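Some notes on the structure that comes next.
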Amino acid sequence: MNTFDFGIVGLGVMGRNLLLNIASHKFAAAGLDLDTEKVNSLQQEADSEHTLEATTDVKHFVELIKRPRAIMLLVPAGKPVDSAIQSLLPHLDEGDIIIDGGNTYFTDTDRRFLELSAKGIHFFGMGISGGEQGARFGPSMMPGGDKKAYERLRPIFEAIAAKVDGEPCVEYLGNGSAGNYVKMVHNGIEYGIMQLISEIYDLMKRGYNLDEDTIEKTFEEWNQTDLKSFLIEITAAILKVKEPNGVRLINLISDWAKSKGTGKWTSQNAMDLQVPVPTIDAAVFMRDMSKSKPERIEAATKLVWNDKQATVNAPEAISALKDALYFSILITYAQGLAQLRTASKEYNYELNLETVTKIWRGGCIIRADVLEDFRKAFAKDANLPNILLDSDIAKKFNETQTGIREVIQFAVQKGLPVAGLMNSLAYFDAYRSEKLPTNLIQAQRDYFGAHTYERTDLPGTFHTQWND
């Protein structure tokens with residue numbers, strides 16, 4: 001008793017694999033689940049090299065773990081988290097640590113942090129990215145909470161995390177709900193990049209009429225370039241899979257996309273913070289649009305556009321598409337990182353964006369080679385408000401913006417939806433505009449609501465009787 005290094009509550013896919021990962025790194029790991037079948041399955045999967053025990057008994061589970069206890073919850077967000085905490089509390093001691101490893105909305109983490117602090121219990125909200133494989137062999141982990149208490153967790157987390165250049169893809173991020181917030185924005189960026197890749201795929205197929213072998217080969221080749229990333233890699237792998245009759249599986253999958261809400265949370269909170277993230281917003285609304293399948297089927301027969309046929313030079317088209325995708329992916333990261341910058345100030349997280357981009361380089365779904373460029377940018381200037389302002393990254397945008405402009409013009413003529421690409425370019429053009437037409441909006445607000453406005457030639461606020 002009181003000898004196990006770590007405990008996990010919830011032995012589903014993520015919990016079981018993370019527990020095996022911990023045990024594989026020579027830490028004694030305990031698991032708790034009310035499902036006897038999951039407990040027995042884990043016991044059978046463990047071998048003589050693992051110090052691992054699983055149980056359905058809460059009291060016995062807690063007694064296995066050495067003080068101060070470190071217990072991670074991997075249960076569905078919401079009430080199940082609160083229920084798990086309440087079941088553990090009678091058996092915990094002051095100084096023990098509870099980690100919520102699920103996709104929890106950050107305000108729930110703030111509430112639990114305060115409630116448990118009053119009882120002398122340390123609470124961490126920690127985002128975990130990498131899916132089933134990541135959990136078993138090395139995820140990216142984003143913990144936030146009490147910095148001193150993190151020292152109890154650090155050796156275990158650094159051992160089991162993904163590694164890039166020998167550096168673990170986990171590090172203490174900041175106060176309170178910082179970890180859950182960073183994971184939420186990570187997922188928002190993920191939404192955006194997935195939408196952009198799908199638009200490029202659609203343009204290849206329905207716009208430029210490239211054959212499926214060429215499309216598959218193109219994504220494979222792109223993953224050996226500056227586009228190298230997990231999402232490009234799996235796209236190439238997905239496009240390769242065929243049914244026994246030779247039909248590619250991708251052509252048989254419904255276009256009715258599902259979501260768990262983390263992208264929506266990112267958009268909603270960005271609006272609260274008044275931080276523009278239009279590519280992420282577009283990704284959320286396109287998933288919502290996908291659910292209108294019956295209406296889209298009818299609309300396809302009533303809302304007609306006769307697109308102009310054009311001769312396509314395949315190599316030139318692929319080059320432009322590559323530039324468009326690279327440009328818009330960088331923009332999506334820029335939006336998410338700008339949101340983190342503002343949120344850190346608003347919520348007192350004290351985030352270090354070099355650290356964030358460093359731990360995203362491996363293990364997580366949005367891992368990509370370009371994150372090393374971002375890490376270097378923030379290492380050079382920790383107060384950089386937006387990666388578009390880094391001189392080296394600005395060059396990348398200037399070199400690839402021709403491609404995205406050409407691709408969007410082509411998509412408009414073909415009548416193909418490219419909301420992600422369009423919003424990426426709109427963000428770029430707005431951000432680089434010294435003057436925006438919002439002076440007219442200020443005048444309109446003053447006209448109908450006497451909201452006042454500022455002038456460029458005089459200090460102070462002004463109101464005009466416009467209708468006189």
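The values are calculated or read from the model by the stated rules, or taken from the named source; none is laboratory data. These numbers come from a predicted model, not from an experiment. Glycine also receives a Cβ, built like all others from the backbone with ideal geometry; neighbour counts cover every protein chain displayed. These accessible areas exclude ligands, DNA and RNA; they are computed on the full protein's heavy atoms, side chains included. Shrake-Rupley method; radii C 1.70, N 1.55, O 1.52, S 1.80 Å.
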So how tilted is helix 36-45 from the main axis of the chain? Cα-based, degrees 0 to 90, rounded to 10.
-> 90 degrees
Would you grab the residues whose amide H sits under 5 Å from the one on L73? Only those 5+ places off in sequence or on another chain, please, with H modelled 1.01 Å from N.
-> V9, I99, D100, G101
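What do the square roots of 5 times the Cα gyration tensor eigenvalues come to for the chain, in whole Å, largest first, as semi-axes of the equivalent ellipsoid?
42, 30, 21
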Residue-wise, which Karplus ³J(HN,Hα) couplings in Hz belong to segment 272-281, taking 6.51 cos²θ - 1.76 cosθ + 1.60, θ = phi - 60°, and x for glycine or proline?
-> 4, 7, 6, 10, x, 10, x, 5, 5, 4
Interatomic Cα distance distribution for segment 68-154, bins of 10 angstrom, percent | 17, 53, 27, 3
Residue (of M194, L273, N223) at the positive-pole extreme of the chain, dipole from beta-carbon charges | L273
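For the pair V412 and N251, what calculated FRET efficiency results from E = 1/(1 + (r/R0)^6), where r is the Cβ-Cβ distance and R0 = 25 Å, to the nearest 0.05?
It comes out at approximately 0.45.
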As a Kirkwood estimate from alpha-carbon pairs, segment 136-273 has a hydrodynamic radius in angstrom of 18.0 Å
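Please compute the net charge surrounding N423, taking Lys and Arg as +1 and Asp and Glu as -1 over other residues with Cβ under 12 Å from its Cβ.
Numbers: positive: none; negative: E199, D281, D429.
Net of charged neighbours comes to -3.
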Using a simple charge model, +1 on the beta-carbon of Lys and Arg, -1 on the beta-carbon of Asp and Glu, nothing else, what dipole does segment 1-87 show about its Cα centre, in debye to the nearest 20?
-> 340 debye
How much accessible surface does E298 have with a 1.4 Å probe, in Å² rounded to 10?
-> 100 Å²
What whole-number value in cubic angstrom gives the convex hull volume per residue for the C-alpha atoms of segment 224-301?
-> 168 Å³
Determine how many Å³ per residue the convex hull of the Cα atoms of segment 97-217 encloses.
-> 123 Å³
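Kindly provide the GluC sites (Glu not before Pro) of segment 404-468 that DSSP labels as loop, not H, G, I, E or B, and whose Cβ sees at most 10 other Cβ atoms within 10 Å.
E434
How much of the DSSP beta bridge set in the chain is antiparallel, as a percent to the nearest 5?
35 percent
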Could you work out how far helix 147-160 tilts from the main Cα principal axis of the chain, as a 0 to 90 degree angle to the nearest 10?
-> 90 degrees
Dipole in debye (nearest 20) - the chain, about Cα centre, beta carbon charges: Lys, Arg +1; Asp, Glu -1 | 300 debye
Say the cut-off is 32 Å between C-alpha atoms; which of K242/K291; K258/K395; K293/K395; K163/K414 go over it?
-> K258/K395; K293/K395; K163/K414
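Over the alpha-carbon set of segment 1-127, divide Rg by the Kirkwood Rh and report the Rg/Rh ratio to two decimals.
We get a ratio of 0.95 for segment 1-127.
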In straight Cα distance, which aspartates and glutamates are under 12 Å from K79, not counting same-chain residues fewer than 8 positions off?
-> D108
Applying the Karplus parametrisation 6.51 cos²θ - 1.76 cosθ + 1.60 with θ = phi - 60° to the phi angles of segment 136-146, what ³J(HN,Hα) value in whole Hz is obtained for each residue in order, glycine and proline being reported as x?
-> 7, 10, x, x, 9, 10, 10, x, x, x, 6
Multiply the residue separation of H463 and E346 by 0.36 nm, subtract the distance between their alpha-carbon atoms, and state the gained length in nm to one decimal.
-> 39.0 nm
Heavy-atom SASA rank of F428, F448, F285 (probe 1.4 Å, accessible area, largest first) = F448, F285, F428
Cα centre as origin, Lys/Arg/Asp/Glu Cβ charges: segment 277-408 dipole, Debye | 240 debye
For H463, tell me the accessible area in Å² from a 1.4 Å probe, rounded to the nearest 10.
-> 90 Å²
From highest to lowest solvent-accessible area (probe 1.4 Å; ligands, DNA and RNA excluded), M141, M286, M194 read M194, M286, M141
Placed amide H near C364: partners under 5 Å, 5+ positions off or other chain = S140
Can you give the FRET efficiency for F137 and S83, using 1/(1 + (r/R0)^6), R0 = 30 Å, r = Cβ-Cβ distance, to the nearest 0.05?
-> 0.50
At q = 0.13, 0.19, 0.20 1/Å the base-10 log of I(q)/I(0) from the Debye formula over the alpha-carbon atoms of segment 231-382 is -0.89, -1.39, -1.43
Extension length gain for M271 and T301 (0.36 nm per residue less Cα distance), in nm, is 7.2 nm
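Counting only heavy atoms of protein chains, what accessible area per residue, in Å², does the chain have with a probe of 1.4 Å? Numbers along the way, then the final one.
Values: 22540 Å² over 468 residues.
Each residue of the chain exposes 48 Å² on average to a 1.4 Å probe.
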Would you work out what percent of the accessible area of segment 330-463, with all protein chains in place, is carbon or sulfur (probe 1.4 Å)?
-> 50 percent
Could you work out the local net charge near L89, counting Lys and Arg as +1, Asp and Glu as -1, over the other residues with Cβ closer than 11 Å to its Cβ?
-> -3
K240 accessible area, 1.4 Å probe, all protein chains in place, Å² to nearest 10 | 110 Å²
Mind giving me the FRET efficiency for V312 and Y447? R0 is 35 Å, r the Cβ-Cβ distance, nearest 0.05 is fine.
-> 0.10
Out of residues 5 or more away from R248 or on other chains, whose amide H comes under 5 Å of its own, with H placed 1.01 Å from N in the peptide plane?
-> E243
Going from the alpha-carbon gyration tensor of segment 353-460, what semi-axes, largest first and in whole Å, does one get by taking the root of 5 times each eigenvalue?
-> 33, 24, 14
In terms of the ratio Rg/(2.2 N^0.38 Å) built on C-alpha atoms, what value belongs to segment 1-45?
-> 1.06
Simple label model, 7 Å out from Cα along Cβ direction - K66 to K291, nm = 4.8 nm
